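Written out below as structure tokens is the structure these notes cover.
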Amino acid sequence: MRTRGVLLAVLLASVLAGCGSSSNETPNRSASLLLDFTPNAVHAGIFSAVRRHYDTAEGVRLNVRTPASGTDATKLLPAGRTQFAVLDLHDLAIARERGRDLVAVMALVQQPLASVLAQPGIRTPRQLEGRRVGVTGLPSDDAVLKSVVAGAGGDPGRVRTVTIGFNAVQSLVAKRVAGATAFWNVEGVAFKERRPGARDFRVDQFGAPAYPELVLVTSRQTLDDEPSLVRATVRALIRGYRFTLSDPQSSAQDLIARNRGLKPADVRAQLGVLDTAFLGAAGRFGTLDPAALRKWAAWEARFGIVSKPPDVDAMFAPGDAAEAPQNDSGG
């Protein structure tokens with residue numbers, strides 16, 4: 001009986017040891033990562049992770065794809081047709097409100113990228129009252145515009161909005177609108193280059209809390225069933241973005257090498273304004289701060305993007321990004 005008890009104890013210890021080691025196992029598989037938009041400098045770390053083989057070093061081979069439309073990710077993730085996606089935080093909140101159990105596991109930036117671009121001579125968002133301002137048609141655009149105008153002491157109801165799609169720069173340069181909602185790190189850079197003296201009124205400077213505009217998202221099923229895959233992908237991307245921060249010129253080349261239509265000068269200019277946006281608390285990349293996210297959740301509902309504040313605990317899984325090792329070389 002004693003021998004049998006010893007054998008059972010050994011077997012139990014082996015099983016428990018196996019369970020404990022599963023957190024460190026490598027997935028050794030391919031995974032698809034869908035971008036949120038056309039590749040630009042904010043994605044540089046992703047392409048560095050792939051081109052410099054940080055992904056395979058962590059046990060995952062990432063296949064980076066560009067979406068055919070902005071709604072692709074919220075449909076493909078639940079269906080298992082992509083394992084990961086970069087999503088705008090507002091799109092994630094809307095998808096979850098519609099019943100899609102998607103979870104953010106890492107932040108790409110720590111600041112809102114949303115802004116209202118304005119023609120030279122417009123010194124404050126209040127001066128947009130009575131003028132035409134372009135919006136893409138996304139629900140978050142109205143919230144950003146209202147927050148920016150109200151945060152400057154203006155009346156958002158007096159702004160004349162017009163839907164222009166994703167043509168902010170063209171519409172502004174042609175002077176069809178006095179302002180337009182757009183990302184300050186892409187369209188803002190392009191507009192300022194073509195129109196010196198142009199303004200970007202960033203939403204977190206006019207009433208919105210700091211929040212991570214772009215996040216890496218997976219499905220609840222992938223998070224539960226393949227935690228090693230999620231962990232490996234997060235670690236690989238953190239290495240990629242730490243490389244971007246330590247050697248932005250080389251990381252820009254990684255992005256351009258995989259996306260031949262990009263102009264090097266544009267990528268360098270975009271990276272130049274993004275450097276501080278990449279890092280969170282204590283100089284770490286990728287972190288998700290629950291306290292900051294709860295402030296964002298209240299703002300999200302207040303300005304009507306969703307009907308009630310998102311459940312931060314259910315919507316974010318910050319553990320892997322918080323625990324991943326980081327260093328400046330990306331190695």
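Cross-link partners of Lys295 among lysines, defined as those whose alpha carbon lies under 17 angstrom from its own and excluding same-chain residues fewer than eight positions apart: Lys308.
In terms of overall dimensions, the C-alpha atoms belonging to the chain reach 89, 42, 36 Å along their principal axes, ordered largest to smallest.
Comparing Ser171, Pro248, Thr136 along the charge dipole axis of the chain, the residue lying farthest to the positive side is Ser171, per the Cβ-charge model. Charge dipole (Cα centre; +1 on Lys/Arg Cβ, -1 on Asp/Glu Cβ; no other charges) of segment 114-205 amounts to roughly 400 debye.
Simple point charges give the picture: +1 on the Cβ of Lys and Arg, -1 on the Cβ of Asp and Glu, and for the chain a dipole about the Cα centre of about 700 debye.
Considering only Pro264, Gln83, Gln110, whose Cα is most displaced toward the positive end of the charge dipole of the chain, charges sitting on Cβ of Lys, Arg (+1) and Asp, Glu (-1)? The residue sitting farthest along the positive end of the dipole is Pro264. Among Asp289, Asp225, Asp91, determine the one that fluctuates most according to a GNM of the chain built with springs between C-alpha atoms less than 10 Å apart. Fluctuation is largest for Asp225.
Taking the DSSP bridge list for the chain and keeping only pairs wholly inside it, about 55 percent are antiparallel.
Computed on the Cα trace of segment 114-205, the radius of gyration divided by the Kirkwood hydrodynamic radius gives Rg/Rh = 0.91. Taking the chain as a Gaussian network of alpha-carbon nodes connected by springs under 10 Å, the highest mean-square fluctuation of the residues Glu97, Glu226, Glu187 belongs to Glu226. Of the trypsin sites (Lys or Arg not before Pro) in segment 149-235, the ones in a loop by DSSP (not H, G, I, E or B) with at most 11 other beta carbons within 10 Å are Lys175. Within a straight-line Cα-Cα reach of under 21 Å, Lys175 can be paired with the following lysines, leaving aside sequence neighbours fewer than 8 residues apart in one chain: Lys192. Taking Cα atoms only, the orientation of helix 2-21 departs from the longest principal axis of the chain by about 20 degrees. Read phi for every residue in segment 275-280 and hand back ³J(HN,Hα) as whole Hz from Karplus 6.51 cos²θ - 1.76 cosθ + 1.60, θ = phi - 60°, with x for Gly and Pro. Couplings: 3, 6, 6, 6, 9, x Hz. When shorter helices are ignored and each DSSP H run of at least 4 residues is given -39500 (n - 2.57), the per-residue value for the chain at 222 nm works out to -12500 deg cm²/dmol.
Taken together, the values in this text are just the output of simple stated rules run on the coordinates, not laboratory data. Small disclaimer: the values here were computed from a predicted structure and weren't measured. When we count neighbours, we look across all protein chains shown, and the Cβ atoms used for this are built from the backbone with ideal geometry, even at glycine.
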